[in-house]
Each structure stands twice: as C-alpha cells, then as structure tokens.
Amino acid sequence: MSVNYRPGEIPVAVTRRGAVALSADTPPALAVRIWTEVAEGRGLAAVLEALTGTFGTSLASLPPFAVALAEGTSLRVAVRGSLVLEVDTAGGRETISGAGVTTWTERVLDDVSHVTLRTSATAQRGDDDPGLPIADGVVLASTVEWVPDAASAVPAEPAAASAEPSPSPAEPSSTPTPVAEPIAENGDAAPVEGPQGAVIAPVPLDGSMVETLLPTESTIAPAPAATAAAEEYDDLWGETIARPTADTTVREPEGSDSAGSAPAVAGDHDGETISVAQARALRTAGIVDSVPAPLAEPRPPAPGRVRLSTGQTLLLDRTVVIGRRPRATRVTGTDLPHLVAVDSPQQDISRSHIELRVEGDSIVATDLRTTNGTTLIRQGGDPVRLHPAEPTVVVPGDVIDLGDGVTVTVEGIS
Amino acid sequence: MTQSPVTVVHGSATDPGLRRRVNEDSFIAASPLFLVADGMGGHSAGEIASATVIDEFSKLAGRGSLTIDEVHATLAEARRRVEALPPGMGAGAGTTLTGVVIADIDGEGYWLTINLGDSRTYRLSEGEFEQISVDHSVVQELIDSGELDAAAATRDSRRNVITRAIGAGSDSEPDYWLIPAEEGDRILVCSDGLSGELDSDALREVLLAERDPQAAATRLVHEAMLHGGRDNITALVVDAVRVHSRAPRAGYDTLPGESVVDHVDGDTLPRAVAGGGF
C-alpha cells in the first residue's frame with residue numbers, strides 16, 4: 001500500500017491497514033497509542049476506546065476523527081466532524097464526512113480503488129504535487145491518499161474488534177486466538193474468518209468453569225478444546241445466558257479427564273455459560289422458578305354477560321377492561337383482556353377505568369385506580385363508590401357508573 | 001400494503017460493539033413488525049437462532065396489523081424452528097425477542113408489545129418515557145422481590161442470566177401488553193447492548209434530541225459504543241405519525257380541531273375541573 005501525504009497540522013496515523021486522522025490538538029502519546037493499536041488490527045474499536053479513555057464518554061467532548069481501515073476485502077470508514085474522506089469504488093466516488101451528524105458517519109465500502117483523506121473540505125492536493133511518501137507512522141498532514149493493496153495482502157480481521165479484551169484482570173496468560181466461525185446459513189451476517197491453525201490454550205477442565213446449562217436432550221457435537229478455552233475466556237464478559245427453568249434441563253458434569261470431553265458447548269465461545277455451582281447458588285438464593293403460575297383459572301361453565309349503555313353486550317368469556325383508551329399490561333400467554341373503548345367527551349372516564357372478570361360463579365368488578373372513581377348502584381341500596389383496585393363482587397341487576405353517562409349493567413351469569 | 005391503523009416512520013441501527021466479533025442480534029423493522037432478537041450461544045449459534053426467529057416473523061411484514069393469535073402462532077413456529085436447528089448450525093442456542101407489532105382493536109391503533117428475555121421495549125409518549133417490557137432475568141426477579149435495588153442491579157454479576165428465552169432449553173410463554181398508540185408516540189426497541197450501556201435518562205435524552213428516527217437509532221448505537229460497547233447493540237426507533245381511531249366520538253365536532261388531539265390523548269380530568277358534577 002503506497003501512501004502519500006501533504007504536510008499540514010492534523011496528526012494522521014498510517015498503517016498498512018489504512019489511516020486514522022485525529023484532531024490537531026491530539027496529545028502525541030494518544031496518537032501513538034492509536035497508531036499502535038490500529039496496526040495490530042483493532043480497528044475502529046481501538047480508536048473509540050482510546051478517544052473516550054482520554055476525553056470521556058460524553059459526545060460533547062469527543063473530538064473529530066476520520067478512520068479508513070481495511071477489513072477483509074472491504075474498507076470500513078467512520079468520520080466525525082469536519083474531516084472528509086473521498087473513496088473511489090467500482091460504483092463511483094463516495095464522499096463521506098461527519099457534517100450534519102451528531103455522532104459520526106460510518107460506512108463499509110467494497111471494491112475500493114483509491115482513498116483521499118482531507119482534513120477539511122477545502123484542503124486540496126496540488127494536481128502536480130505527489131506529496132511525500134509514508135509507509136507506517138504518524139505524520140502531520142493536510143491530505144493523505146493511498147491505493148489500497150489487493151485484498152489478499154491484508155489478512156482478514158474481525159469485523160468490529162479483536163476478541164482480545166484488554167482490561168481484564170483475569171486475562172488468561174495465553175490468549176486464545178479467534179477460531180474460524182462456521183459459515184452461517186443466514187445471508188447478511190458474513191462469517192468472520194480467523195487465522196487458521198489457531199494457537200490453542202490449555203483448557204482448565206476442573207468442571208467448575210466450563211459447565212453449561214443446556215437441555216439434556218440436546219445433541220451437540222463435541223467442541224474442540226479451543227472452544228472451551230475461548231468460552232471460559234469470554235465468560236468474563238458476561239454474555240447473556242439463559243437459565244433453563246427446570247432442573248432436569250441441567251446437564252450434569254461429565255467426566256472431564258481430557259480436552260476432548262469438554263462439555264459439549266458447541267461453539268459457545270460467547271460465554272453462554274454459568275457454572276453448576278453458580279446455578280446452585282442461584283437456586284439456593286431462593287430465586288423463584290421463572291415459570292409463572294398460569295394466570296387463567298379454569299373457565300367458568302357459563303360466562304357472565306354485561307351490557308353497556310352504548311348498547312354493546314359483552315360476554316365475560318375473558319377479562320374485560322373498559323375505559324377511554326384501555327390498555328392491557330403484562331399478560332403472560334395469550335389471555336389478553338378484551339379492551340373496550342368508550343366515549344368520554346368530558347374526559348371523566350379514565351383510560352383504563354374498570355376491569356370485569358368471572359371468578360368461579362361470580363362476576364368481579366375492579367376500579368383501576370381511576371381519577372374520578374366508579375359508582376356501584378344496586379337496587380334498593382344507596383350508590384356505593386368502589387374502592388380503588390379492590391375487586392368487588394357484582395350481581396345481576398347491578399349498574400356500574402363510569403361517569404360521562406357510561407354505565408355497565410350486569411346481566412348475570414347466563 | 002394493507003391499510004394500517006398506525007402509520008409509522010422508523011429508523012434502525014445495529015453494531016457488533018467494540019468487544020465482540022460477531023453480531024448475534026437480529027431485527028426486523030418493517031410495518032407492522034418492529035422486533036429485536038438477541039441471540040445466545042457462540043460459533044454463530046446465537047446469530048442463527050436470532051435470525052431464524054426474525055425470519056419467521058418477517059413472513060408477516062407488509063400486513064396492516066396483526067392479531068395476538070397471529071403473533072403467538074408465529075412465535076410457536078419460530079420456537080419450533082430454533083429447537084430444530086441442527087448440531088453445529090445453532091443447536092442448543094437461544095434468543096430473546098421483544099418489540100411492538102401494530103394491532104387493530106375495534107378500529108383503534110394499538111402497540112401489541114411482546115417480550116421474552118432481557119431485550120427491551122420503551123415508549124416515549126407526551127414527554128413521558130416508560131419501559132414497557134419487564135426483563136425476564138434473575139436480576140429483575142430480585143428487584144421484584146425487593147432483594148435488589150435498581151442501582152445495584154446494574155452492577156450485579158447475575159445480570160446476564162435470563163429466565164425466559166426462545167430455545168436454550170426454555171419453553172416459557174412471552175409476556176404481552178396492549179398499549180393504545182397515540183400520534184407522536186416514539187417506541188424504542190433495543191438489545192441489552194444498548195440498555196446495558198445507557199441508562200433510562202440517557203436513552204430519553206437522545207430520543208428527545210434527535211427528531212429523525214434513523215438519526216436517533218444511529219446515535220443511540222454510537223453512544224453505547226462510546227460507553228464501552230461491551231455487547232452487540234441494536235436500536236429500532238418507531239414514530240407513530242398517524243393513528244386511526246374509530247369514527248369521531250360524540251362531542252369532538254364541537255371542539256376546535258387543534259385541541260382534539262390534546263383532548264383524546266390527555267389525562268383524565270378530575271370532575272371538579274371537567275364540571276361533570278358528581
């Protein structure tokens with residue numbers, strides 16, 4: 001890759017993978033750090049980590065940057081602020097800047113034939129000035145341009161970052177090299193190719209670290225030892241894991257006498273693991289089983305029925321919520337209530353005003369903590385205001401007044 | 001495309017983040033479906049699981065609205081497919097699923113919200129920002145039981161342990177919500193790579209600051225990267241620009257047009273104010 005630059009004021013870190021332009025006031029040590037990490041193939045992630053490590057995570061303090069780095073056969077570009085990248089591709093010239101974007105503009109471009117990095121939209125290269133060559137290093141430049149090498153010259157690298165998280169105190173002494181991913185069936189997520197012949201770290205197989213919760217019926221091919229190593233390693237990063245809800249789904253430790261018998265985690269390098277010891281600790285900590293009790297009681301033999309003052313008749317074959325703009329919150333399974341909207345020109349009726357449901361042989365009405373309350377009118381009795389959120393048994397003939405002229409007449413268990 | 005009771009504009013963004021090589025998040029942002037799935041299990045397994053679920057739901061894209069039965073049946077088929085993934089191609093993997101589906105309830109536009117796992121659905125409505133979904137996680141259960149407060153939960157070592165999922169040995173039912181859609185609503189659907197890096201206030205701030213939904217989604221993902229980007233990050237931002245209601249209700253005709261929206265969406269008025277008498 002031949003890179004030429006014209007001198008200027010912007011520090012630009014040049015490596016064989018591409019270039020990173022920083023702001024003019026970047027401390028030299030920071031520029032050197034970014035140059036080093038980008039040369040190692042850590043990509044945009046390294047740039048962002050270095051910048052936020054120095055300037056903080058606030059967007060307001062994040063300085064401008066322009067990143068153009070080879071990623072496999074593609075070029076990943078990211079531009080923040082007034083810097084400009086002009087990229088010639090098979091499809092024509094793309095101009096990428098950070099103008100008008102709060103964070104940065106990011107693109108992945110293929111078939112790149114030429115890249116020009118300008119420190120501002122007005123920084124021009126002289127047509128007859130080839131500039132000065134730079135192979136690898138940090139220069140103060142106004143423009144930088146290069147022709148990317150053929151794709152084969154740049155080893156494929158991880159899409160986002162190396163899988164080598166640096167700041168872990170528990171980092172294994174021998175860092176596992178990323179293992180090539182099997183080709184994914186789904187199309188758009190391109191599998192990342194890792195170096196072949198990865199160095200395989202020794203795997204601690206005491207059964208306490210690498211145990212994975214999996215359904216017993218799973219038939220999973222034995223994983224290579226490197227997988228277990230990477231898995232233990234990635235576990236440090238707290239990947240989400242699912243904790244199966246029944247004990248019977250926990251695969252108990254098997255003989256762990258060799259790497260070959262590593263728990264069959266089949267590529268569980270993203271740390272979908274918790275130890276059995278952890279799992280037991282969770283259970284003994286009194287975590288309730290996550291499967292909620294079924295909400296719905298057995299269906300009553302005959303549903304209740306109510307009639308609205310609007311003329312609408314409602315069967316209480318499931319819970320009914322009546323209101324101005326009724327909503328149903330957090331129902332497990334498909335037993336969502338029947339939502340019935342009623343008019344309330346005076347906005348007297350709450351959005352979710354009253355809930356009606358059948359419990360056993362009774363119909364129960366509950367005022368849903370409404371602003372103006374709900375009145376129960378029973379023949380021969382004085383009107384009673386329902387207590388908020390307190391289920392009240394209603395009987396045929398009862399009239400429930402929601403306000404704004406809307407009433408519900410209980411027609412009973414039919 | 002069939003007439004939808006909620007007309008939306010939306011933006012979406014996803015990134016592997018700064019630490020992970022593979023993006024195991026999948027999503028669909030195509031009316032009436034706005035869903036995020038966060039896969040679990042390495043060697044592409046999680047990626048395959050999440051993509052499988054989204055692929056199944058994508059068959060419903062282009063419809064005007066969906067019923068809960070349609071959503072539930074699709075989920076069952078998606079679960080069946082995830083559990084049938086062959087060894088080396090996703091077997092044993094699992095995925096979360098959350099988001100909103102546009103539903104039509106008696107002619108009214110609704111957000112049918114679904115959740116399984118610890119991805120999240122939020123709603124910004126009339127300036128009020130609420131988390132609709134409730135995580136299926138050990139930490140959430142500890143919060144619910146009063147053993148952990150929200151601040152401690154963000155540091156708890158068990159925060160990556162989820163209690164319900166599709167696949168991964170879980171056969172739990174999802175939670176559903178039916179929320180009336182209001183014009184101006186902004187829905188955020190995200191994986192925990194976003195909510196794990198930005199707290200609720202930070203999410204709200206970005207949603208209020210970025211008018212364009214695509215700009216908001218992109219900025220959310222970028223800000224999560226700046227805050228560490230430790231996991232895959234996905235953000236969908238969905239704006240309701242028009243919501244269908246039933247025929248104008250009695251009384252609306254007498255109101256000035258401007259105030260109709262305020263009126264229908266407004267809080268319930270105490271009777272003393274409304275003058276309704278009691």
(request) Could you list, in sequence order, all residues of region B:146-166 that are more than 8 Å from chain A (Cβ to nearest Cβ), in contact with an Asp or Glu (Cβ under 8 Å, 6 or more places away or on another chain) and not aliphatic (A, V, I, L, M)? (result) B:T154
(message) Restricting to region A:45-65, count the residues that are more than 9 Å from chain B (Cβ to nearest Cβ) and in contact (Cβ under 8 Å) with a residue 24 or more places away in the chain.
(response) 5
(message) One residue is enough: does region B:172-190 have a residue meeting the conditions without any contact (Cβ under 8 Å) to a residue 60 or more places away in the chain and in contact with a helix residue (DSSP H, G or I) (Cβ under 6 Å, 6 or more places away or on another chain)?
(response) no
(message) Just the residues that are crowded, with 21+ Cβ neighbours inside 10 Å and either of a type in the set (D, E) or facing chain A (nearest Cβ under 7 Å) (or both), please, taken from region B:179-188.
(response) B:I179, B:P180, B:D185
(request) Could you check how many residues of region B:134-185 are among the basic types (K, R) and under 21 Å from the mean Cα position of the chain (by Cα)? (result) 2
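Only one of B:D118, B:D135 is within 27 Å of B:V8 (Cβ to Cβ) and touching a residue at least 60 places away in the same chain (Cβ under 8 Å); which? Lay out the reasoning, then the answer.
Numbers: B:D135 fails: touching a residue at least 60 places away in the same chain (Cβ under 8 Å).
Matching residue, one of B:D118, B:D135: B:D118.
One line per residue, one yes/no per condition, for (1) over 24 Å from B:T218 (Cα atoms); (2) part of a helix (DSSP H, G or I):
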site: A:E37; (1), (2): yes, yes
site: A:L51; (1), (2): no, yes
site: A:A68; (1), (2): no, no
site: A:V77; (1), (2): no, no
site: A:V87; (1), (2): no, no
site: A:E94; (1), (2): no, no
site: A:T103; (1), (2): no, no
(request) Considering each residue of region A:1-13, count those that are within 14 Å of A:D149 (Cα to Cα) and either in contact with a Leu (Cβ under 6 Å, 6 or more places away or on another chain) or modelled with pLDDT of 95 or more (or both), and give that number. (result) 0
(request) Please work out if A:E145 is closer than 24 Å to A:A31 by Cβ, of a type in the set (D, E) and modelled with pLDDT of 90 or more. (result) yes
(message) Go through (1) more than 43 Å from the chain's Cα centre (by Cα); (2) surrounded by 13 or more Cβ atoms within 10 Å (Cβ to Cβ) for A:V364 and report which single condition fails.
(response) (1)
(request) Among the residues of region B:221-231, write down those that are within 16 Å of A:G56 (Cβ to Cβ) and part of a helix (DSSP H, G or I). (result) B:H222, B:E223, B:A224, B:M225, B:L226
(request) Keeping to region B:109-140, report how many residues are in a helix (DSSP H, G or I) and surrounded by 21 or more Cβ atoms within 10 Å (Cβ to Cβ). (result) 2
(message) With the structure loaded, tell me whether B:V241 is modelled with pLDDT under 95 and either under 29 Å from B:V53 (Cα atoms) or more than 10 Å from every other protein chain (Cβ to nearest Cβ) (or both) or whether it fails that test.
(response) no
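Listed residues A:S2, A:S23, A:S82, A:S97; which is in contact with a strand residue (DSSP E or B) (Cβ under 6 Å, 6 or more places away or on another chain) and either under 16 Å from A:R118 (Cβ atoms) or more than 12 Å from chain B (Cβ to nearest Cβ) (or both)? Working first, answer last.
Working: A:S2 fails: in contact with a strand residue (DSSP E or B) (Cβ under 6 Å, 6 or more places away or on another chain); A:S23 fails: in contact with a strand residue (DSSP E or B) (Cβ under 6 Å, 6 or more places away or on another chain); A:S82 fails: in contact with a strand residue (DSSP E or B) (Cβ under 6 Å, 6 or more places away or on another chain).
Criteria check complete, one pass: A:S97.
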(request) Specify the residue that is surrounded by the most Cβ atoms within 10 Å (Cβ to Cβ); the eligible residues are those in region A:55-74 that are touching a Leu at 6+ places or on another chain (Cβ under 6 Å) and more than 20 Å from B:G17 (Cβ to Cβ). (result) A:A66
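Please work out if A:G373 is out of contact with any strand residue (DSSP E or B) (no Cβ under 9 Å at 6 or more places or on another chain) and more than 7 Å from chain B (Cβ to nearest Cβ).
Values: out of contact with any strand residue (DSSP E or B) (no Cβ under 9 Å at 6 or more places or on another chain): no; more than 7 Å from chain B (Cβ to nearest Cβ): yes.
No; evaluated as a whole, the condition is false for this residue.
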(message) Checking the condition more than 20 Å from A:A39 (Cα to Cα), without any contact (Cβ under 8 Å) to a residue 12 or more places away in the chain and either more than 25 Å from the chain's Cα centre (by Cα) or surrounded by 21 or more Cβ atoms within 10 Å (Cβ to Cβ) (or both), which residue from A:R93, A:R80 passes?
(response) A:R93
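Just to be sure, is B:T218 touching a residue at least 24 places away in the same chain (Cβ under 8 Å), hydroxyl-bearing (S, T, Y), buried (at least 22 other Cβ atoms within 10 Å of the Cβ) and not in a strand (DSSP E or B)? Full working, then the answer.
On the way: touching a residue at least 24 places away in the same chain (Cβ under 8 Å): yes; hydroxyl-bearing (S, T, Y): yes; buried (at least 22 other Cβ atoms within 10 Å of the Cβ): yes; not in a strand (DSSP E or B): yes.
Considered against the rule, which asks whether it is touching a residue at least 24 places away in the same chain (Cβ under 8 Å), hydroxyl-bearing (S, T, Y), buried (at least 22 other Cβ atoms within 10 Å of the Cβ) and not in a strand (DSSP E or B), B:T218 comes out as yes.
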(request) Could you identify the single residue in B:V36, B:V71 that is in contact with a Lys or Arg (Cβ under 9 Å, 6 or more places away or on another chain) and of a type in the set (A, V, I, L, M)? (result) B:V36
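The values are calculated or read from the model by the stated rules, or taken from the named source; none is laboratory data. For clarity, every value in this text was computed on a predicted model and none was experimentally measured. Cβ: placed from backbone, ideal geometry, glycine included. Neighbour counts: every protein chain shown.
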